[in-house]
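Trainee: Can you keep this structure in mind? I'll have questions shortly.
Since every read-out is calculated from the coordinates, none of them should be taken as a lab result. Predicted model only: the values in this text are computed from it and were never measured. Glycine also receives a Cβ, built like all others from the backbone with ideal geometry; neighbour counts cover every protein chain displayed.
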Amino acid sequence: MNGAWVPRDVAEALELELNAARLDTVGGYEDALSVSITTPALIARCREDMAHLMKRFTTTIPLVVLLFFAVSASAVDEVKLLRAIDRAEGGHHAKRPYGVLAIRVRDRAHAREVCLRTIRSAARDWDGRGDFVAFLGRRYCPPSVDPVGHKNWVTNVRKLSR
């Protein structure tokens, strides 16, 4: 039909359907490939799908935000604990930086890494009940090895991490 005149609204309807057919892989509009002029039905379906997506979007975002703040509020402040442990173990004057005794460390930076890994692994294993510093103290300075040192370590780190 070369040169045939097509009413403008029919041409727009066909164009809409062809554009919708391009969305076939993304939006799942399999019936949009048909050349029948069902533009009002197609537009209604697009609106329903958009309304459904917006409904899911507006209910999901607040949940994600709440989860983020809940996790960050209960998360362990690694930097504060790292500084507190360093100070409790003697700071720059300590013979064993960060009180690391279990492994041989190359230097202060390596001891800091070891301490940070210990804090992070304890935070992963902690169930959220009780005091985290006491939980960490059972690993860092076990009461079975030094009961008095454990009590002092927990007290000092707790005070210094505030």
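Trainee: Please state which one of 109, 122, 102 is closer than 21 Å to residue 162 by Cβ and among the aliphatic types (A, V, I, L, M).
Mentor: 122 is the lone residue from the list that is closer than 21 Å to residue 162 by Cβ and among the aliphatic types (A, V, I, L, M).
Trainee: Would you please list the contacts, defined by Cβ atoms under 7 Å and residues six or more apart or on different chains, that run from a residue in segment 147-162 that is touching a residue at least 60 places away in the same chain (Cβ under 8 Å) to a residue that is assigned to a helix (DSSP H, G or I) and among the hydroxyl-bearing types (Ser, Thr, Tyr)?
Mentor: Close Cβ pairs (under 7 Å, with a partner that is assigned to a helix (DSSP H, G or I) and among the hydroxyl-bearing types (Ser, Thr, Tyr)) amount to 153/140.
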